[in-house]
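Everything on this sheet refers to the single structure shown next.
The values are calculated or read from the model by the stated rules, or taken from the named source; none is laboratory data. Since we're looking at a predicted model, the values are computed, not measured. Every residue, glycine among them, receives a Cβ derived from its backbone with ideal geometry; neighbour counts consider all protein chains shown. To get the accessible areas, we keep the full protein, side chains included, count just its heavy atoms, and leave off ligands, DNA and RNA. Shrake-Rupley method; radii C 1.70, N 1.55, O 1.52, S 1.80 Å.
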Amino acid sequence: MPDTLQNIASEIVVCRLCKLSEGRKNAVPGEGDEHARLMIIGEAPGKYEDLQGRPFVGMSGKFLNKCLETVGISRQDAFVTNAVKCRPPSNRKPLEQEIAACRPYLISQIAAIKPKLLLTLGTSACNALGIKYTHLSDVRGKIIDMALGATKVRCFVTFHPSFPMRFPSKREAFLKDLSNVKNLMTTLQ
Ligand code: URA
């Protein structure tokens, strides 16, 4: 029997499995519908996420919300979380061992929600799920089926929103990916 989202969150907020816990103001377990059909996985909390204990509330979150809205995906219908639940110092990328320490929480959240689709944003989310690539472009825009223990999942890989936010030439591709996710969600039962 999978653990409940609430139980998982209460473990995350007291977690001391890696050094990121030492610098946090708040852990950021994630938020959204426990029966969400779509689960969105980012990289790590930033400054504002750490302050509020909520995922994607800073600049890249606002950009992500706008892009989701543009293609007709409601963030309210998704569960949103990150590969690691505590903010890395100076917003550096989470280390392999930090992702590994946090992985059981992510896997438990997936097992509890049983989403139809995981939308992985960027390399850290792919690494957390064991998606293999040399460059993100090898897997970006692709659907990847996998089993995480007893849970079968389907992933769609795209950029982390900070990339198209920073490089406007990448926005069309990012929106196209999100639009494909929207269409995919209508076909997945
Ligand atoms: N905010 C998050 O919650 N996750 C990210 O990956 C970036 C910003």
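For the reader, a short list of remarks on this structure follows.
- Meets criteria (surrounded by 18 or more Cβ atoms within 10 Å (Cβ to Cβ) and more than 23 Å from Lys176 (Cα to Cα)) for Ile113: yes
Results for (1) small (Gly, Ala, Ser); (2) over 17 Å from Ser124 (Cβ atoms), shown as yes or no for each residue.
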| residue | (1), (2) |
| --- | --- |
| Met39 | no, no |
| Gly46 | yes, no |
| Cys67 | no, yes |
| Phe79 | no, yes |
| Val84 | no, no |
| Ile99 | no, no |
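- Filtered residues of the stretch 68-85 (kept if open to solvent by less than 10 Å² (accessible area, probe 1.4 Å) and either modelled with pLDDT under 95 or closer than 17 Å to Glu172 by Cβ (or both)): Leu68
- Hits in the stretch 160-189 - residues which are open to solvent by less than 60 Å² (accessible area, probe 1.4 Å), within 16 Å of the chain's Cα centre (by Cα) and over 16 Å from Leu117 (Cα atoms): His160, Pro161, Ser162, Phe174
- Test: residue in the stretch 100-107 that is out of contact with any Leu (no Cβ under 9 Å at 6 or more places or on another chain) and near the ligand (Cβ under 10 Å from one of its atoms): no
- Residue check for Glu43: closer than 21 Å to Ala100 by Cα and without any contact (Cβ under 8 Å) to a residue 12 or more places away in the chain: no
- Note on the stretch 1-31: residues that are at pLDDT below 95 and more than 21 Å from Ala78 (Cβ to Cβ) amount to 1.
- For the stretch 8-65, a residue qualifies if it is within 16 Å of the ligand (Cβ to nearest atom), in a helix (DSSP H, G or I), open to solvent by 20 Å² or more (accessible area, probe 1.4 Å) and out of contact with any Ser or Thr (no Cβ under 6 Å at 6 or more places or on another chain), and the qualifying residues are Ala9, Gly23, Lys47, Tyr48, Leu51, Gln52, Met59, Lys62, Phe63, Asn65.
- All conditions but one from (1) within 28 Å of Lys182 (Cα to Cα); (2) open to solvent by 40 Å² or more (accessible area, probe 1.4 Å) apply to Leu129; the one that does not is (2).
- The strands (runs of 3 or more DSSP E) found wholly in the stretch 91-189 and carrying at least 3 residues that are farther than 30 Å from Arg16 by Cβ occupy 143-148, 151-158.
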